[in-house]
Amino acid sequence: MRKKVLQMSLLLMFGVFLTGALMAQKLTTKQATRSADYHVPKTEALGRAIGDDCSNPFLIEVDAVSFSYSDTQDNGTCGHGNTYDGEEFTDWDNGEDVVYKIQTPEEAEAIITLDGSLSGDGSGYYHMVAIFEGCPDTGTLIASANSSGDVNPVVLSQVLAANTEYFILVDYWGISEDPCLPSYTIGVELSADYDLKIAGVQVTSDNAGDLSVIEGVSGTVSYDNATKTLTFKMQW
Ligand SMILES: [Ca+2]
Ligand SMILES: [Ca+2]
């Protein structure tokens, strides 16, 4: 019996290994069809249109956490110029790009979702998203993710510090006949876990406004993290 279980485990492990290897091969094949080392000519002029670069970015204005934002660009990154094209992303930033600026009044976890269209030549997904503290060419890269040829949407999760200027870069593995991401929707969700638990339940930006949803908590209970105030409104 034990031998059989062992055989099955080995078989399962081999299967997982094989699936992983096949997936890796698939991705490599897809990416290999995309010519490398081509760069869309860099745009030097600054801020011709909103989103072109960090001198004139799309602004994501966060008044309070929790926070939700969504923006759809029907022309994608097209027409916004290849402003940012460095070494750190190899080919993933050599096409036209768009920039967003975000600042949060309190520390929060950001989940950034970039839902991009298929490439202009229909061969796959070639978009990427990155977050920088400061402008992409002079600031510090915090996190990035790309579509690896066939991953869409691309999701990035990152804790943002309070009152700090961050820029989100949407970029593309451009080639001469397909220099920009044809269209996309970007979503940003901010939420926070506070240093407080009630009845064993974590207080977050999502439930702070009405803690009576927690089992065992009655009356109207809320928490304001800015002033660290827990408010009970008892009913007599
Ligand atoms: Ca640009
Ligand atoms: Ca670029």
Subset of region 71-84 [within 19 Å of the chain's Cα centre (by Cα) and either under 13 Å from Val40 (Cα atoms) or within 12 Å of ligand 2 (Cβ to nearest atom) (or both)]: Thr77, Tyr84
Selection within region 63-87 - away from ligand 1 (no atom under 12 Å from the Cβ) and β-branched (Val, Ile, Thr): Val65, Thr72
Residue among Ala192, Ala162 that alone is crowded, with 17+ Cβ neighbours inside 10 Å, of a type outside the set (Lys, Arg) and either closer than 25 Å to Ala64 by Cβ or without any contact (Cβ under 8 Å) to a residue 24 or more places away in the chain (or both): Ala192
Enumeration of residues in region 195-217 that are of a type outside the set (A, V, I, L, M), more than 28 Å from Ala161 (Cα to Cα) and surrounded by 11 or more Cβ atoms within 10 Å (Cβ to Cβ): Ser212
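Each row is one residue, and each column tells you yes or no for (1) of a type in the set (Val, Ile, Thr); (2) assigned by TED's automatic domain parsing to the domain that holds Asp137; (3) modelled with pLDDT of 95 or more.
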site	(1), (2), (3)
Asp74	no, yes, yes
Cys78	no, yes, yes
Tyr84	no, yes, yes
Glu88	no, yes, no
Trp92	no, yes, yes
Asp97	no, yes, yes
Gln103	no, yes, yes
Glu106	no, yes, no
Thr113	yes, yes, yes
Residue in region 87-102 that is surrounded by 14 or more Cβ atoms within 10 Å (Cβ to Cβ) and more than 15 Å from ligand 2 (Cβ to nearest atom) present: yes
Given (1) polar (S, T, N, Q); (2) within 15 Å of ligand 2 (Cβ to nearest atom); (3) at pLDDT 95 or above, index of the condition Ser68 fails: (2)
Restricting region 182-236 to residues that are assigned to a loop (DSSP other than H, G, I, E, B) and among the polar types (S, T, N, Q), the residue that is modelled with the highest pLDDT: Ser183
In region 40-59, residue farthest from His80 (Cα to Cα) [restricted to those that are modelled with pLDDT under 90 and within 14 Å of ligand 2 (Cβ to nearest atom)]: Glu44
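Conditions tested, residue by residue: (1) hydroxyl-bearing (Ser, Thr, Tyr); (2) over 13 Å from the mean Cα position of the chain (by Cα).
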| site | (1), (2) |
| --- | --- |
| Cys135 | no, yes |
| Thr140 | yes, yes |
| Ala162 | no, yes |
| Glu189 | no, no |
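The values are calculated or read from the model by the stated rules, or taken from the named source; none is laboratory data. Just so you know, these numbers come straight off a predicted model, no measurement behind them. Here the Cβ is made from the backbone with ideal geometry for all residues, glycine too, and neighbour counts use every protein chain on show.
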